Amino acid sequence: MKVHNSYSTNGNSKSIHTTDIFINLPQWKWPVYLLLWTATSPSIAQQTLPEESVQFDAISVTATREARTTKEVPQSISVVDEKRIEDVRMFSIKDAIQGQVPGLRIESNSNSYDAKISIRGAGLKAQYGVREINLLRDGVPILDPDSFGRLDFVDTDDIERIEVTRGPGDLYSAGTAGGTIHIISRSAFDDRHNTIRGGVGNWGTHNLHTRFGKVFDEHAFSLTFSKRYTNNEWRQQNRFNSTNIGLKHGWQLGESSLLESEVTYNDVKLNLPGSLNREQYTRYRHTGKALETQDPWKNSARDSKILFMNSRLEHRMGDWLFKPRIYYNQWKHFHPITGQINDTEGWERNFGLDLEGIYTHSLFGIPGSMVIGGTWRRSWNENSLQYAYVDVLTVPGTGRIISTLSDRKGQLNSRTHFTNDLWGIYFLESLSPTDRLTIDLQMRFDQISFDIKRNEFQSYDYARGNYAPGRGLVKVKEDYDLFAPKAAVTYRATDQINAYVSVAHANQVPADGEIQNAVEFGRTLKASGHLNYEAGFKGRGRNWSFDLTGYHTDVSNEIISFVQNLQTLYANAGKTSKNGFEFFGNYAFTSGFEVGASYTYTDLKFNKLTEPLTVIDPVTNQRTTINANRSGNQVPRFPEHMYFVYTTYRHPSGWHGRVETRGQSDYFTDNANTERHGGYHFLTNLTVGYDLKHWGLTFNVQNLFDKRYAVDVNKDASGSRISFTPGMPRTFMGYLAYKF
């Protein structure tokens with residue numbers, strides 16, 4: 001199998017892209033019950049397996065920053081490989097990783113890149129975008145130093161693989177404790193995927209993608225163009241439109257060096273629909289459409305323009321492999337949300353450097369390797385603006401806004417200048433005292449600095465529902481020191497099974513908006529601490545694989561969100577515990593069938609939490625704030641049980657297909673644990689395709705049985721307001737592709 005991968009540590013630079021290794025072979029894992037059933041089933045046991053071994057593993061570069069098979073990584077990690085990506089429609093990364101990664105919950109209420117992601121409960125408080133989870137695109141953080149990530153940086157038609165680590169301990173992560181999603185695009189040296197592909201579907205959906213690449217003697221070029229559009233007319237205010245253009249260049253600098261650079265431009269327009277109340281959700285359950293919202297903000301959206309540049313070098317010098325990187329991106333957006341219209345006048349800019357070296361050595365006669373490096377990045381914007389809505393309907397006499405009529409900007413509410421700086425150093429020493437034992441000792445230290453100057457002329461008063469005089473000039477300066485040590489041991493029990501244990505700590509830094517929110521309401525936010533204990537088994541056979549993981553995480557100063565007087569506030573929760581069990585595996589038959597399944601058990605609990613709660617005296621009508629004790633309650637909005645089952649089939653004639661189904665238990669909708677909701681079962685997707693020489697035809701159906709369900713249910717602290725986010729109805733797309 002020919003592979004093009006700039007992360008290889010092969011000293012021969014030309015073979016970095018042409019060596020026959022198993023980096024792109026499938027990364028699947030399969031459940032123990034299926035393994036036992038297979039071992040005792042005569043119909044399977046009697047099948048003749050191929051004499052040549054097939055390695056069901058993949059190379060990962062995310063958790064340890066050096067190329068290792070996932071079996072050798074002492075952490076929960078999943079690689080969504082090229083075969084899986086080709087089996088789905090890839091309108092968003094949700095299509096690739098949903099269900100495929102145990103412990104991860106990713107949902108979207110639109111047919112677009114937008115997604116809410118949570119790993120082991122981390123990321124639940126995000127109202128938009130991705131929080132508490134590190135997002136990388138080809139090694140570059142696509143998030144601010146305060147950990148707010150954006151998926152609009154990604155052209156989903158140009159993804160080679162996706163690596164997901166779960167929990168603390170990732171050597172890439174700075175200021176995030178939930179894990180890392182590393183999206184790796186195709187190399188400029190990859191000339192196997194030159195294609196033109198077009199797709200159409202229901203809900204006014206269109207997709208066009210083309211890629212052309214050419215490899216010369218020392219140089220390689222590739223050009224990509226993607227266009228995605230959908231009306232999503234089943235939902236109010238839910239259109240999506242994106243245009244992605246990318247140019248990559250690869251340069252072979254002699255026998256031991258490789259330089260790859262890229263520049264991409266993304267123009268993305270995304271409407272953001274509001275939530276539903278109980279009656280509206282009931283109507284959606286009956287009709288399959290959600291053409292209304294309980295929220296006054298009928299014109300919420302996020303329109304972004306993004307320029308992304310990245311250049312990375314690999315140079316081998318003796319036992320050293322140097323991997324420096326420099327990157328720059330800038331973006332602007334128009335972002336009407338609750339009470340405010342955000343508009344960047346100019347660009348928000350991000351600049352970063354990463355200097356990494358990998359040294360192969362022996363220590364006191366013990367073979368090992370060392371990863372060492374440092375990183376720095378800055379994010380800044382000199383003129384971030386917020387405006388009031390000018391076209392609104394109000395209640396006579398009170399002025400309470402009950403509906404926006406457009407996203408036209410009115411009076412200037414605030415002007416903000418901010419700078420976020422992050423610098424860090426990291427180190428990993430790996431030693432193998434025996435051929436069966438590997439010891440990993442690592443440390444990462446980062447410092448994040450916030451410098452925010454905000455001049456607030458007026459603000460939206462959530463209690464009264466209209467605009468009120470602002471607080472004037474507010475200055476915020478905060479520094480956070482973040483320590484992330486880890487120790488892990490991997491033991492090769494047999495040639496096919498590894499066991500590992502690890503202890504890791506990481507800090508979760510608050511977002512700048514959370515810091516400002518806390519200062520405004522007289523609070524101080526600390527970085528939460530996450531201490532994770534994990535143990536597991538990883539098995540890789542010639543036609544089967546499995547991962548089995550158990551973990552316990554103690555969280556101090558967990559940052560939670562709660563709603564008070566219709567205002568989302570943030571506070572440290574005291575102490576939280578997280579316990580879980582994750583299992584993923586697969587089995588490949590010689591007949592062309594492959595089956596797999598995953599199961600996730602998650603127990604998230606507040607060990608210590610008091611939640612501010614506003615109560616109204618029925619006699620005097622006076623508002624009073626009390627501290628409600630939530631200690632011992634379950635953390636809301638994350639299911640206790642999740643499952644996923646799939647089967648694929650590939651015939652030598654070119655026919656192929658995939659069926660997958662997933663489900664989850666219901667969950668508490670609030671910190672008080674007063675109500676449960678959100679469960680669903682057997683949500684099924686189907687893909688059928690046929691490949692003939694250069695041509696490929698694919699038909700995909702999501703939510704095959706048109707189930708009506710909620711992707712998120714949230715109840716405020718007072719219990720007076722509950723919000724439902726409806727799931728997508730049955731959605732289908734057909735694709736025609738030509739590879740050249």
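The values are calculated or read from the model by the stated rules, or taken from the named source; none is laboratory data. From a predicted model like this one, the values you see are computed outputs, not experimental measurements. No Cβ is skipped: glycine too gets one built from the backbone with ideal geometry, and neighbour counts run over all protein chains shown.
Hey, among Ile358, Ile341, Ile401, Ile366, which residue is among the β-branched types (Val, Ile, Thr), surrounded by 20 or more Cβ atoms within 10 Å (Cβ to Cβ) and under 30 Å from Thr64 (Cβ atoms)? If you could, list the steps in order and put the result at the bottom.
Details: Ile341 fails: under 30 Å from Thr64 (Cβ atoms); Ile401 fails: under 30 Å from Thr64 (Cβ atoms); Ile366 fails: surrounded by 20 or more Cβ atoms within 10 Å (Cβ to Cβ).
Every option except Ile358 fails the conditions.
Which residues, taken from the stretch 80-121, are of a type in the set (D, E, K, R) and in contact (Cβ under 8 Å) with a residue 24 or more places away in the chain? Show your work before the answer.
Start the filter on the stretch 80-121 by keeping residues that are of a type in the set (D, E, K, R), which leaves 81-84, 86-87, 89, 94-95, 105, 107, 114, 116, 120.
Asp81, Glu82, Lys83, Arg84, Asp87, Arg89, Asp95, Arg105, Glu107, Asp114, Lys116, Arg120 - these are the residues of the stretch 80-121 that are of a type in the set (D, E, K, R) and in contact (Cβ under 8 Å) with a residue 24 or more places away in the chain.
Spot the failing condition for Ile245; the list is (1) in contact (Cβ under 8 Å) with a residue 40 or more places away in the chain; (2) on the phi < 0 side of the Ramachandran plot; (3) touching a Ser or Thr at 6+ places or on another chain (Cβ under 8 Å), and only one is missed.
Unmet for Ile245, out of (1) in contact (Cβ under 8 Å) with a residue 40 or more places away in the chain; (2) on the phi < 0 side of the Ramachandran plot; (3) touching a Ser or Thr at 6+ places or on another chain (Cβ under 8 Å): (1).
Looking at (1) assigned to a strand (DSSP E or B); (2) among the small types (Gly, Ala, Ser); (3) touching a Lys or Arg at 6+ places or on another chain (Cβ under 8 Å); (4) crowded, with 21+ Cβ neighbours inside 10 Å, can you tell me which one Ser261 breaks?
(4)
Can you pull out every residue in the stretch 334-369 that is of a type outside the set (S, T, N, Q), in contact with a Lys or Arg (Cβ under 6 Å, 6 or more places away or on another chain) and either within 13 Å of Val140 (Cβ to Cβ) or part of a strand (DSSP E or B) (or both)? Talk me through it step by step, then tell me what you get.
The first filter runs over the stretch 334-369 and keeps only residues of a type outside the set (S, T, N, Q), leaving 334-337, 339, 341, 343, 345-349, 351-359, 361, 363-368.
With in contact with a Lys or Arg (Cβ under 6 Å, 6 or more places away or on another chain) added as a condition, the list becomes 335, 341, 347, 351-352, 354, 356.
His335, Ile341, Phe351, Gly352, Asp354, Glu356 - these are the residues of the stretch 334-369 that are of a type outside the set (S, T, N, Q), in contact with a Lys or Arg (Cβ under 6 Å, 6 or more places away or on another chain) and either within 13 Å of Val140 (Cβ to Cβ) or part of a strand (DSSP E or B) (or both).
From the list Asn586, Asn579, exactly one residue is part of a strand (DSSP E or B), over 26 Å from Trp423 (Cα atoms) and either without any contact (Cβ under 8 Å) to a residue 40 or more places away in the chain or among the acidic types (Asp, Glu) (or both). Which is it? Write out each step before concluding.
Working: Asn586 fails: either without any contact (Cβ under 8 Å) to a residue 40 or more places away in the chain or among the acidic types (Asp, Glu) (or both).
Result: Asn579 is the single residue among Asn586, Asn579 that is part of a strand (DSSP E or B), over 26 Å from Trp423 (Cα atoms) and either without any contact (Cβ under 8 Å) to a residue 40 or more places away in the chain or among the acidic types (Asp, Glu) (or both).
If you check Asn565, Asn507, which single one turns out to be among the polar types (S, T, N, Q), at pLDDT below 80 and within 29 Å of Arg454 (Cα to Cα)?
Values: Asn507 fails: at pLDDT below 80.
Answer to the selection: Asn565.
Please state which of the following conditions Asp157 fails to meet, knowing it meets all the rest: (1) within 24 Å of Gly201 (Cβ to Cβ); (2) touching a helix residue (DSSP H, G or I) at 6+ places or on another chain (Cβ under 9 Å).
(2)
Here's the yes/no breakdown for (1) in a loop (DSSP other than H, G, I, E, B); (2) at negative phi; (3) touching a strand residue (DSSP E or B) at 6+ places or on another chain (Cβ under 8 Å):
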| position | (1), (2), (3) |
| --- | --- |
| Gln75 | yes, yes, yes |
| Arg84 | no, yes, no |
| Val101 | yes, yes, yes |
| Asn109 | yes, yes, yes |
| Ser112 | yes, yes, yes |
| Asp157 | no, yes, yes |
| Glu160 | no, yes, yes |
| Thr165 | no, yes, yes |
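Only residues in the stretch 448-477 that are part of a loop (DSSP other than H, G, I, E, B) count as the first member; pair them with residues that are hydroxyl-bearing (Ser, Thr, Tyr), Cβ under 8 angstrom, at least 6 apart or cross-chain, and list the lot.
Correct list of pairs: Arg464/Thr398; Gly465/Thr398.
Only one of Ala527, Ala518, Ala499 is over 30 Å from Arg542 (Cβ atoms) and modelled with pLDDT of 80 or more. Can you tell me which? Give the derivation first.
On the way: Ala518 fails: modelled with pLDDT of 80 or more; Ala499 fails: over 30 Å from Arg542 (Cβ atoms).
So the residue among Ala527, Ala518, Ala499 that is over 30 Å from Arg542 (Cβ atoms) and modelled with pLDDT of 80 or more is Ala527.
Out of the residues in the stretch 658-674 meeting the condition of being modelled with pLDDT under 95 and either assigned to a strand (DSSP E or B) or not polar (S, T, N, Q) (or both), tell me which one is surrounded by the fewest Cβ atoms within 10 Å (Cβ to Cβ).
Ranking the candidates gives Ala672 first.
How do the pairs read when you match residues in the stretch 424-446 that are modelled with pLDDT of 95 or more with residues anywhere that are of a type in the set (Lys, Arg), using Cβ under 6 Å and keeping only pairs 6 or more apart or on different chains?
Taking only residues 6 or more apart or on different chains, the pairs are Tyr426/Arg444; Arg436/Arg492; Gln442/Lys486.
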